[in-house]
Every structure is written in structure tokens, then in C-alpha cells.
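Here's the structure, in C-alpha cells; my notes come after.
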Amino acid sequence: MEVEVYPDGCEERLEGKRAYIAHGDLANPKQWTYRTFRRILKNSWTYHLIHLAGPRISRRVAQKLSDMSYQKYHNDIQPASPPAFKAFAHQKFLEGFDIVILGHSHFPEEVEEPIEGRRCLYYNVGDWMVHRSFLRFTPPDRFKLDRFLEG
């Protein structure tokens, strides 16, 4: 399976609209501890250590770090999304993007904002574990923030 990874986000064209798509982990400047951790995690020395440790130990360490992060940031369902993500999207709209799609906050959100006569759309896809949310795109230009319902 071939997968392209864009650690800092990417620009795409969706039916003629300029879209910015990113995980969203760099959208909140107040998460400086996460940004520091990310910088440590995503460097060649760390990759080398992971390779030396092997998959068994690496997976165990990764699971422990993931559990700690989840307990710190995602145990309580937030009553509202962090404002930093909407502010980030607004800045991208001012840069000329029509659509901004993020994740990371684990809070599903859909916001329409008129900017300079354009209809700009911000989506946060939320998360699968709690909200079971996802974003559906149907060409030519229909987006729908949806939830998976078992049934």
C-alpha cells in the first residue's frame, strides 16, 4: 500500500476549490508541550532508536505514550471545540483557501464563514472512538460531517 504523508499539511484542489488539509496538530500554538514532543519524535535520531529497539518494544512504548496522551487530552468530552482551530482556519481563509479540513481536536465541527465574498468552509472531522465522526465528500462540492451509527 502506498501512502503519502504530509506532516505539515497539504494543499489540494477539490472540484476547483482550494483546500488545506492537515492533521491539525500544528493548528493550536498553545500546545507547546505537544509541539516539543512532536519535534523530538519526528527526527532522524528517534527513527534510528525505534529501528534499533525493534517492533515489539517500539509498539509497547508507542501504546503507552498514546494512552498517556489520551488520558491527558481526551478523557472528558469537550463541550465546545478549542477556538484555536477556528482561528487557524480563518487565517487560512485569508491566505486564499476556500476549505480547511483538520482533525486532532477530536471535536467534530462544521463552520461556514464568508470571507471577501467567498463561502469558506472549515471542518474538523472529530474522532472515531467517542463521536464516531467522519467527513464525507461528494463531488462536485458537497461535504457532510457525519457519524457512523451501528444498526
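The values are calculated or read from the model by the stated rules, or taken from the named source; none is laboratory data. It should be emphasised that the depicted structure is a prediction, and the values quoted were computed from it without experimental measurement. No Cβ is skipped: glycine too gets one built from the backbone with ideal geometry, and neighbour counts run over all protein chains shown.
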Practice item. Among what's in the range 29-46 and is among the aromatic types (Phe, Trp, Tyr) and at pLDDT below 85, pick the residue that is nearest to the chain's Cα centre (by Cα). Key: 34
**Study point:** Which listed residue is touching a residue at least 24 places away in the same chain (Cβ under 8 Å) and surrounded by fewer than 13 Cβ atoms within 10 Å (Cβ to Cβ), from 29, 83, 55
**Key:** 29
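Okay, residues lined up against (1) among the acidic types (Asp, Glu); (2) under 16 Å from residue 19 (Cβ atoms); (3) at pLDDT 90 or above; (4) within 17 Å of the chain's Cα centre (by Cα):
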{"residue": "108", "(1), (2), (3), (4)": "no, no, yes, yes"}
{"residue": "111", "(1), (2), (3), (4)": "no, yes, yes, yes"}
{"residue": "125", "(1), (2), (3), (4)": "no, yes, yes, yes"}
{"residue": "150", "(1), (2), (3), (4)": "yes, no, no, no"}
Revision key, fill the gap. For the range 8-28, the count of residues that are assigned to a loop (DSSP other than H, G, I, E, B), modelled with pLDDT of 85 or more and closer than 14 Å to residue 102 by Cβ equals 8
Exercise for review: Kindly list the number of the only condition in (1) closer than 20 Å to residue 25 by Cα; (2) at pLDDT 85 or above; (3) surrounded by fewer than 11 Cβ atoms within 10 Å (Cβ to Cβ) that fails for residue 72.
Suggested key: (2)
